[in-house]
Amino acid sequence: MKATSSRSTSAHALLRVLAVNGIDRAYLVPGESYLGVLDALSDFDGIDVVTCRHEGGAAFMASVDGKLTGRPGLVMVSRGPGATNAAIGLHAAQQDAAPMILIIGQIPKRDLRKKAFQEIDYQQMFGSIVKWVCEVTEPEQLAAAAFKAIRVATSGVPGPVVLVIPEDIQQQDVAQPEWRAVRPVLTQPTSVDVARVRELIERSTRPMIIAGSALARDGGRQALKALAEKFHVPVTVSFRAHDLFPNGHPLYAGNLDLANPAQQMEAFASSDLIIALGTRLGDITTQGYTFPDYPRPAQTLVHCIADDETINQHFVADVGIVADPVALCEALLDEEALVRGQDARRLWSRSLRAIHERICAWPDVAVSDGVPFVEVVRSLKKQAPKSLKICLDAGTFAAPVYRHFAFEDEQRLIASFSGSMGYGVPSAMVAQLRNPSDKVVCMVGDGGFMMTGNEMMAAVDRKLPILFILSNNNCYGSIRIHQDRTYPGRYVGTDINSPDFVAVARAFGVKSERVESLGQVDSALARGLAADEPYLIEVKTSLNAILLGQSAKAVAERANATGD
């Protein structure tokens, strides 16, 4: 992108470096501590400014932007309260390995470390969740700091960085460099590594691939699919990476989520080769570090990710490859197809597929206290366009999507690995801005919507045709389930009162309707999917459907135990 401004302040130098490196959008809540940068933004027509209602929402948007584009998402906030509000987005970006730059206006340089009004030492505050914190103290340093921020955020495992800029160094005349960062060189696997992996696949009769989010880049999904088909290896996907592999494919064996069924895990444990591609093999994907066996897997383990700190961190790999996993897939595609063991691998993949199909089969749920949200998801699947983007907040309403919605080739899931409530609405804004011709559906609960639902105003301002589906069961459902299991009959803090969401949406200028019975679901979704402007459907959902009788059973068991 060409920087068009002819002014020469330090803030212009900062923005010029960002602009020439392709950063074309800034999410912000304005603040007096970075007025100089705000003023300079007026001179950069190529940087779209998205004004947000809360720094948490703005930071979520920047983290999603980085994840979708591969370029650092840019967020700007004021010091103190603004920076602390933005922390949730930094955490999400770190968990999602999303490149992101947070710019924080700071107190004047002369007052640093004097505990001045709203001063925070951001190295201490953010040091453990970001890749780099830089507090610039000279105006001449701003451009160089921005240039390094881009490189740090996108190199190795991508992640968030923080630039802290005192308010009195933003408007001095400085040089205006147009440095362009060189794209990080993707580390290639060695020929020895490739030959070794091919040999292991040929020897194997029960191999499986665990595919992670590092494959979610240009060519990654295609290379993964081609590799699985060439060598007939079934594919499982890591936590919340459902869209990496077409879910209807015969070689798709399911996803590794919060708690997979025992039968499925027993089958996975009987594998003789695990090829982990682009996944950190974190606690959820590995079912609490129990699959594969910790620390020495019973299976032969191949682990490929472009991060030397991840290899062998938790699980000892027989073949640890610090390289781009897409490059490894592509290199293996150049190898000859395997003949030996194909019949056994076909039987193995069919057995895993059969288990997955039983798990993901749509259930029949009969309740009397509202609409089972699984029926909303079922209806969405029937009506979904081929290029649908589903943006999920955190909550029990999301479980039917993760378990039953079969993502096709062009459909995408956008959800945070961090499990942050409030992620859904901001992520939908970014998904629609970056994919204007696709249909974006945001699914959010009554709790999560009240955290960042105000960001829906951006959809109104820009006429973004996002369909918001809001599940309202007047409860923090996920925590209620845990209460049922751990402290039966004792429900402190999980009942919530909600406003009239239809009225709220209309006050925002969003067309809206309410669904209160199963018979209304299909037609409401049809209207929402066809809308060419923001549309909200509030669904009065069943709490009993997610608890599946657990509440009544738990109360009865507690009464029997205590003699009440």
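Considering Gly73, Gly46, which residue is modelled with pLDDT of 95 or more, surrounded by fewer than 24 Cβ atoms within 10 Å (Cβ to Cβ), outside the structural domain of Thr310 (by TED's automatic domain parsing) and not β-branched (Val, Ile, Thr)?
That would be Gly46, the only listed residue that is modelled with pLDDT of 95 or more, surrounded by fewer than 24 Cβ atoms within 10 Å (Cβ to Cβ), outside the structural domain of Thr310 (by TED's automatic domain parsing) and not β-branched (Val, Ile, Thr).
Would you check which residues across region 382-420 are small (Gly, Ala, Ser) and in a loop (DSSP other than H, G, I, E, B) and list them?
Correct list: Ala384, Ser387, Ala394, Gly395, Ala406, Ala415, Ser416, Ser418, Gly419, Ser420.
Quick one: count up the residues across region 181-191 that are closer than 30 Å to Phe60 by Cβ and either at pLDDT 95 or above or touching a strand residue (DSSP E or B) at 6+ places or on another chain (Cβ under 8 Å) (or both).
Looking only at that region, the number is 0.
Where residues in region 465-507 are among the hydrophobic types (A, V, I, L, M, F, W, C) and modelled with pLDDT under 95, which of them is surrounded by the fewest Cβ atoms within 10 Å (Cβ to Cβ)?
Val492
Looking at region 274-287, can you tell me whether even one residue there is over 20 Å from Ala97 (Cα atoms) and outside any loop (DSSP other than H, G, I, E, B)?
Among the residues of region 274-287, at least one is over 20 Å from Ala97 (Cα atoms) and outside any loop (DSSP other than H, G, I, E, B), which makes the answer yes.
Kindly provide the set of residues from region 88-131 that are crowded, with 18+ Cβ neighbours inside 10 Å and of a type in the set (Ser, Thr, Tyr), ordered by number.
If the condition is that a residue be crowded, with 18+ Cβ neighbours inside 10 Å and of a type in the set (Ser, Thr, Tyr), then Tyr122 is the only one that fits.
Would you call Leu256 buried (at least 24 other Cβ atoms within 10 Å of the Cβ), touching a Gly at 6+ places or on another chain (Cβ under 8 Å) and not assigned by TED's automatic domain parsing to the domain that holds Ile390?
When the stated conditions are applied, Leu256 does not pass them.
Can you name every residue in region 191-217 that is without any contact (Cβ under 8 Å) to a residue 24 or more places away in the chain and part of a loop (DSSP other than H, G, I, E, B)?
None; the set is empty.
Does Gly159 satisfy being touching a Ser or Thr at 6+ places or on another chain (Cβ under 9 Å), closer than 27 Å to Trp179 by Cβ and surrounded by 20 or more Cβ atoms within 10 Å (Cβ to Cβ)?
no
For Leu277, indicate whether it is free of Cβ contacts under 8 Å to residues at least 40 places away in the same chain, in the same structural domain as Met208 (by TED's automatic domain parsing), of a type in the set (A, V, I, L, M, F, W, C) and buried (at least 23 other Cβ atoms within 10 Å of the Cβ).
no
Limited to region 116-156, what total is found for residues that are among the small types (Gly, Ala, Ser), outside any loop (DSSP other than H, G, I, E, B) and under 15 Å from Gly105 (Cα atoms)?
2
The values are calculated or read from the model by the stated rules, or taken from the named source; none is laboratory data. Treat the numbers as computed from the prediction; the structure is a model and nothing was measured. We place every Cβ from the backbone using ideal geometry, glycine too, and count neighbours over all the protein chains shown.
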